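First up is the structure itself, then whatever we jot down about it.
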Amino acid sequence: MEQIIAETIQFVKKTLAGAEAGHDWLHIERVYKNALKINETEHGNALIVSLAALLHDIADSKFNNGDEELGPQIAGEFLKNLEIDEQVIIHVQQIIRNLSYKASLGKIDFHSKELEVVQDADRLDAIGAIGIARAFTYGGYKNRVLYDPSIKPNLNMTKEAYKSAVNPTINHFYEKLLLLRDLMKTNAGRAMAAQRHEFMQAYLDQFYSEI
Ligand code: ADP
Ligand code: NI
């Protein structure tokens, strides 16, 4: 297993070189570590949790013209060259397909403990101090304004509306980030999310006091 993980880390680092700073190797590393931590009490299959965490953003659809099959496909092609059980590969691909917040707004027909562990770890990285940094990095990358009081958050976005949103970055807190705490699936993830959520709320209070 160690050899497989080491090779996967090399592959991910190489593939994500130059990626947007919120979806780069450092994001993957944080998600991987948090997934392993959450899995200490969830006891999912460690190989599946590790591979899914490491490969979950290998070709994010929002950076690939909306193509949602590219990630699972690239992950599958890479894993087929390693000595890994076919069932493990299929499971990892299913996790990548169903992990994202976008995917969760659509129809989900796959569930597993390992999906919950990696999904909670990915969601933790969207909130708290790191989550704030990532949101503004993404907004800058997309050339979005920081805030615009005349544009109200849209709280009932469909998957399609979510994908095409061009809202001010601050709206993303209401449209996604502040909703994540109550969507956590594991006990360990929920506990970590609570503290990060509070920090974001304090941040928003300060933000408005300054503008
Ligand atoms: P997923 O890839 O899980 O569907 P997102 O598309 O929301 O989720 O992207 C993950 C992260 O990228 C978010 O947590 C946030 O940091 C950043 N991001 C995505 N969309 C936006 C947005 N409209 N404004 C600001 N940040 C965003
Ligand atoms: Ni991610």
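The values are calculated or read from the model by the stated rules, or taken from the named source; none is laboratory data. Just so we're clear, the structure is a prediction, and the values are computed from it rather than from any experiment. Don't worry about glycine lacking a Cβ; one is built from the backbone with ideal geometry, like all the others, and counts go over all protein chains shown.
Put simply, of Ile89, Ile108, Ile170 the only residue that is free of Cβ contacts under 8 Å to residues at least 40 places away in the same chain, among the β-branched types (Val, Ile, Thr) and exposed (fewer than 13 other Cβ atoms within 10 Å of the Cβ) is Ile108.
Only residues that are more than 13 Å from ligand 2 (Cβ to nearest atom), aliphatic (A, V, I, L, M) and not in a helix (DSSP H, G or I) were counted across region 1-43, and they come to 2. As a summary of the residue check, Asp57 satisfies the conditions (1) among the charged types (D, E, K, R); (2) crowded, with 18+ Cβ neighbours inside 10 Å; (3) farther than 23 Å from Gly189 by Cα except for the one numbered (3). Within region 133-143, the set of residues being within 16 Å of ligand 2 (Cβ to nearest atom) and surrounded by 14 or more Cβ atoms within 10 Å (Cβ to Cβ) comprises Arg134, Ala135, Thr137, Tyr138. Whether a residue is more than 16 Å from ligand 1 (Cβ to nearest atom), modelled with pLDDT of 95 or more and more than 23 Å from Gly128 (Cα to Cα) was assessed, and Gly18 does not pass this test. Of the numbered criteria (1) within 26 Å of Glu160 (Cα to Cα); (2) within 16 Å of ligand 1 (Cβ to nearest atom), the one Ala35 fails is (1). Scan region 34-69 residue by residue and report those that are of a type in the set (A, V, I, L, M) and over 16 Å from the mean Cα position of the chain (by Cα). Ala46, Leu47, Ile48, listed by residue number. Glu29: more than 25 Å from Glu160 (Cα to Cα), more than 16 Å from ligand 1 (Cβ to nearest atom) and either free of Cβ contacts under 8 Å to residues at least 12 places away in the same chain or among the acidic types (Asp, Glu) (or both), yes or no? No; evaluated as a whole, the condition is false for this residue.
Is there a residue being under 21 Å from Tyr141 (Cβ atoms) and within 16 Å of ligand 1 (Cβ to nearest atom) anywhere in region 70-88? Yes, region 70-88 contains at least one residue that is under 21 Å from Tyr141 (Cβ atoms) and within 16 Å of ligand 1 (Cβ to nearest atom). Flag: Gln195 matches the condition of being more than 14 Å from the chain's Cα centre (by Cα), part of a helix (DSSP H, G or I) and closer than 27 Å to Gly44 by Cα.
Put simply, of Tyr141, Tyr162, Tyr101 the only residue that is touching a residue at least 24 places away in the same chain (Cβ under 8 Å) and either at positive phi or out of contact with any Lys or Arg (no Cβ under 9 Å at 6 or more places or on another chain) (or both) is Tyr141.
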